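The values are calculated or read from the model by the stated rules, or taken from the named source; none is laboratory data. Computed from a prediction, not measured in an experiment: that's the story for all the values here. Please note: Cβ atoms are built from the backbone with ideal geometry, for glycine as well, and neighbour counts cover all protein chains shown.
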């Protein structure tokens with residue numbers, strides 16, 4: 001097990017390397033100049049050249065990249081052009097709200113998707129199943145910046161149930177404040193998990209072991225929850241994991257709609273200020289978070305499914 | 001002996017569009033306490049459907065359309081779900097055809113065996129575990145403690161079927177239903193499982209209903225046998241009589257189709273043709289289109305039941321002679 005995790009973590013290195021290269025090049029393709037962003041539109045060409053030289057931007061792209069890699073290896077992620085502080089500290093501070101948002105969305109997704117999936121699978125082809133299918137398709141089709149605004153309008157502005165935006169100082173306040181953004185993210189993931197669960201649970205309910213469970217005299221609820229669901233939840237959790245990875249990109253939008261001081265917000269603002277080191281670091285962090293989420297998903301499968309457990313560790 | 005199970009004029013149908021297709025028609029038989037009863041027939045003749053209907057585990061949209069299934073004086077065909085739950089496992093146990101799919105892949109074998117007891121009044125976990133280990137020893141699973149902690153994919157096919165049998169009998173049912181319990185197994189394992197079932201039946205005093213397409217299996221295991229064809233019982237008899245003097249032409253054909261002889265040169269005698277689609281049974285005897293004894297009256301109306309002197313009977317207008325042992329020689 002430990003060697004498996006180590007192997008997977010080592011595999012992250014080439015992925016991270018790829019991310020740094022792609023981001024490094026893409027960032028420099030954005031029109032605009034960091035020196036101009038720092039100095040403003042009235043700066044003299046001489047001053048701008050001096051700033052560029054100080055930031056190392058006057059060297060060739062290849063040299064810049066190698067220098068960047070060299071400092072990365074030494075644990076130096078650079079100084080933010082805009083904030084003037086080490087990027088590492090900046091990013092670490094912004095990481096918590098994003099991680100909370102992701103975790104919170106996962107929980108809300110499950111709370112919505114599992115009961116809905118059970119209902120759809122047990123009512124397959126009947127009223128509730130059709131209603132859920134329509135709702136799920138709608139939830140999937142609506143972009144999160146739109147659902148975000150609608151939720152704000154409905155639950156915050158009209159009914160005053162939740163704050164319009166913000167983060168908060170205590171954990172209680174944060175959970176309260178992050179409810180709407182997390183729900184917004186979850187609405188994009190829950191339909192996929194629900195549909196996956198509907199399929200896998202429908203399949204499980206037709207399996208031979210369900211006959212065996214019923215022939216033992218187990219009550220229907222036990223047959224459903226501890227026999228069918230236990231098998232059917234595995235593919236659904238896999239879909240959840242894959243889509244939480246996808247959700248990481250979504251947090252950029254949602255954090256900006258709800259003014260959550262997370263990585264996504266930092267990313268957008270540093271793109272505005274052409275703050276190359278910050279953009280690079282945030283993107284790298286996003287990449288690492290996605291890879292870690294996939295690793296956790298795979299570890300979850302190994303823990304929950306004895307069939308995989310043996311083949312993976314053996 | 002007392003009748004343990006009384007299946008009376010059982011009919012099972014499945015809704016298809018606006019009409020109901022009849023899968024099983026007018027099936028009646030009784031099982032006495034402790035006896036072993038076989039149901040044989042080709043695939044699709046309704047034998048599995050019949051025994052699944054006994055504990056109301058019909059698949060898909062199939063429903064009991066008429067008749068009764070009396071167990072202990074209670075009509076299971078009409079019983080409520082809660083009453084069925086107390087009969088399943090504790091009164092009637094069931095073993096299924098494919099041990100590969102019959103066990104839950106993510107639950108340990110031991111838990112799957114012991115679990116049923118919890119819903120049949122055994123509250124104490126240590127007692128459940130003790131009875132689980134005892135049941136595993138009873139079905140001949142080696143090293144019960146280790147296998148109890150294993151998952152189904154870690155066991156062989158034969159071990160899985162033994163575990164499935166342990167699941168079926170842990171709550172001491174008086175009747176065990178076995179739906180082709182050996183079909184999915186290797187030939188050598190088949191013999192072991194059959195011996196185990198026979199052995200358990202005599203040791204535990206259970207009655208056994210064994211569904212199979214293999215008359216050889218019935219010969220080794222059962223006291224009486226019913227032959228089903230196209231949703232009906234066409235012949236029922238004590239096991240000796242079926243082999244010595246089969247009356248229904250379908251039974252004769254089944255016996256002829258058993259491969260015999262160990263050397264080459266013994267031709268196989270398959271039954272020509274296919275059983276009819278349940279939705280389009282011929283108006284008369286369902287077997288008439290394939291029957292060598294067919295005459296005009298066979299195609300007009302279905303033959304009634306003729307009681308046999310030695311117990312059992314048959315449904316045929318032109319049966320083989322009672323002494324016609326040579327017909328399948």
Filtering segment B:107-128 down to residues that are crowded, with 20+ Cβ neighbours inside 10 Å and within 17 Å of residue B:155 (Cα to Cα), which residue is nearest to the other protein chains (Cβ to nearest Cβ)?
B:112
State the number of residues belonging to segment A:271-304 that are surrounded by 20 or more Cβ atoms within 10 Å (Cβ to Cβ) and not in a helix (DSSP H, G or I).
2
Failed item, numbered, when residue B:90 is tested on (1) surrounded by fewer than 20 Cβ atoms within 10 Å (Cβ to Cβ); (2) in a loop (DSSP other than H, G, I, E, B); (3) within 14 Å of another protein chain (Cβ to nearest Cβ)
(1)
Subset tally (residues that are outside any loop (DSSP other than H, G, I, E, B), crowded, with 23+ Cβ neighbours inside 10 Å and in contact with a strand residue (DSSP E or B) (Cβ under 9 Å, 6 or more places away or on another chain)) for segment A:204-219:
2
If I filter segment B:146-156 for residues that are over 21 Å from residue A:210 (Cβ atoms) and within 24 Å of the chain's Cα centre (by Cα), do I get at least one hit?
yes
Can you name the residue in segment A:200-239 that is out of contact with any helix residue (DSSP H, G or I) (no Cβ under 8 Å at 6 or more places or on another chain) and more than 10 Å from chain B (Cβ to nearest Cβ) and, of all such residues, is farthest from residue B:93 (Cα to Cα)?
A:225
Against the definition (within 14 Å of another protein chain (Cβ to nearest Cβ), touching a residue at least 24 places away in the same chain (Cβ under 8 Å) and in contact with a strand residue (DSSP E or B) (Cβ under 8 Å, 6 or more places away or on another chain)), how does residue B:76 come out, yes or no?
no
On the basis of being within 14 Å of chain A (Cβ to nearest Cβ), within 30 Å of residue B:250 (Cβ to Cβ), in contact (Cβ under 8 Å) with a residue 24 or more places away in the chain and in contact with a strand residue (DSSP E or B) (Cβ under 8 Å, 6 or more places away or on another chain), does residue B:176 make the cut?
yes
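Answer yes or no: is there a residue in segment B:282-298 that is at pLDDT 85 or above, part of a helix (DSSP H, G or I) and surrounded by fewer than 16 Cβ atoms within 10 Å (Cβ to Cβ).
If we filter segment B:282-298 for residues that are at pLDDT 85 or above, which is where we start, we get B:282-298.
Cutting the leftovers down to part of a helix (DSSP H, G or I) gives us B:288-290, B:296-298.
Filter again for surrounded by fewer than 16 Cβ atoms within 10 Å (Cβ to Cβ), leaving B:296-297.
Within segment B:282-298, one or more residues are at pLDDT 85 or above, part of a helix (DSSP H, G or I) and surrounded by fewer than 16 Cβ atoms within 10 Å (Cβ to Cβ).
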